[in-house]
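K.L.:
There's a structure below that I have some questions on.
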Amino acid sequence: MKVILQKDIPNLGDAGDIKEVAEGFARNFLLPKKLVIVANDSSKKAIDHQKKLIKIKKDKRKKTSEQIAASMSDVEITIPAQVGEEGKLFGSITSMDIAKELKLKGFDIDKRKIQLDSPIKSEGEFKVSIKLEEGLSATVKVIVVKE
């Protein structure tokens, strides 16, 4: 069955794509959740209009992400923590801690977008990457100091 995707669906395609899917998958899952519409001549005209709207929204999201990335480029976050001997922390600094500090600075970033290879377990300066929308990312300097 040929369908037109209304939304981005992982492992299937992006909104506006025309895909061939199994009838049962379309009838039982995709159509009831309004993720697709059946592809025919009238729906193709509607989808062309929808593609234009999606492109406008994507451009707007990209522009706001670029603005956020530019404003975050020189942000420094200082996080006080209990430090033992040899500069090791009691506990660790996680993406949730960084998200809280960013919120205090005026950036509402989801903790899942903060990319830490592993939690920070020592004091010092660290560069942390934050994944924004539309493939953009920003880097924030995190400074861990003795409490």
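Every number in this text was worked out from the coordinates using simple rules, so none of it is lab data. Worth saying up front: this structure is predicted, and the values here are computed from it rather than measured. Cβ placement follows ideal geometry from the backbone for every residue including glycine, while neighbour counts extend to all protein chains displayed.
K.L.:
Based on the Cα coordinates of the stretch 2-60, what is the per residue volume of their convex hull in Å³?
P.N.:
On the way: hull volume 4.4 nm³, N = 59.
Per-residue hull volume (Cα only) is 74 Å³.
K.L.:
Oh, and also: Have a look at the DSSP beta bridges in the stretch 70-146 and tell me what percent are antiparallel, nearest 5. All intermediate terms of the calculation are to be shown ahead of the outcome.
P.N.:
Numbers: 13 of 19 bridges.
Of the beta bridges lying entirely in the stretch 70-146, close to 70 percent run antiparallel.
K.L.:
Quick one: if you stick a label point 7 Å off each Cα along the C-beta vector at Lys2 and Lys33, how many nm between them?
P.N.:
2.4
K.L.:
Specify the angular offset, from 0 to 90 degrees and rounded to the nearest 10, of the alpha carbon long axis of helix 41-72 from the longest principal axis of the alpha carbons in the chain.
P.N.:
10
K.L.:
May I ask what percent, to the nearest 5, of DSSP beta bridges between residues of the stretch 1-145 are antiparallel? Show your work: numbers first, answer last.
P.N.:
Numbers: 20 of 25 bridges.
Antiparallel bridges make up about 80 percent of those DSSP assigns within the stretch 1-145.
K.L.:
Quick one: what Rg and Dmax do you get for the stretch 80-147 from the alpha carbons, in Å?
P.N.:
So, for the stretch 80-147, Rg and Dmax equal 12.4, 43 Å respectively.
K.L.:
Which of Leu12, Leu116, Leu136 moves most in a GNM of the chain, Cα contacts under 10 Å?
P.N.:
Highest fluctuation of the listed residues: Leu12.
K.L.:
To continue, here is another question. Run the helix sum for the chain: -39,500 (n - 2.57) per DSSP H stretch of 4+ residues, divided by residue count, reported at 222 nm to the nearest 500 deg cm²/dmol.
P.N.:
Values: 2 runs with 42 residues, N = 147.
Rounded to the nearest 500, it is -10000 deg cm²/dmol.
K.L.:
Give Lys7/Lys55; Lys19/Lys45; Lys33/Lys111; Lys63/Lys141 a once-over and call out the pairs whose C-alpha atoms are over 20 Å from each other. List each step's numbers first, then the result.
P.N.:
On the way: Lys7/Lys55 13 Å; Lys19/Lys45 16 Å; Lys33/Lys111 28 Å; Lys63/Lys141 23 Å.
Table pairs above 20 Å Cα-Cα are Lys33/Lys111; Lys63/Lys141.
K.L.:
Can you give the charge dipole size of the chain about its Cα centre, rounded to the nearest 20 debye, using +1 on the beta carbon of Lys and Arg and -1 on the beta carbon of Asp and Glu? Intermediate values should be presented prior to the final figure.
P.N.:
Details: 29 positive and 23 negative charges, 190 e Å.
In total the dipole reaches around 920 debye.
K.L.:
Continuing with the same structure: Rounded to a whole number of µm²/s, how large is the Stokes-Einstein D of the chain at 4 °C and 1.567 mPa s, given Rh as the Kirkwood radius over C-alpha pairs? Display every interim value, and only then the final one.
P.N.:
Numbers: Rh = 18.5 Å.
Reported coefficient: 70 µm²/s.
K.L.:
Give the span of the stretch 31-89's Cα atoms along each principal axis, as three whole-Å numbers ordered largest to smallest.
P.N.:
Principal axes ranked by extent give 71, 29, 12 Å for the Cα atoms.
K.L.:
Of the options Gly91, Thr78, Ala39, report the single residue whose Cα projects farthest towards the positive end of the charge dipole of the chain (beta-carbon charges: Lys, Arg +1; Asp, Glu -1).
P.N.:
The residue sitting farthest along the positive end of the dipole is Ala39.
K.L.:
Let me ask you something else. Aspartates and glutamates near Lys127 by alpha-carbon distance under 15 Å, same-chain residues fewer than 8 away left out - which ones?
P.N.:
In chain and number order, the partners are Asp74, Glu76, Asp97, Glu101, Asp117.
K.L.:
Now for a different question. To the nearest 0.05, how large is the calculated FRET efficiency for Lys44 and Lys131 if R₀ is 41 Å and r is the Cβ-Cβ distance?
P.N.:
Details: r = 34 Å, r/R0 = 0.84.
Efficiency, rounded to the nearest 0.05: 0.75.
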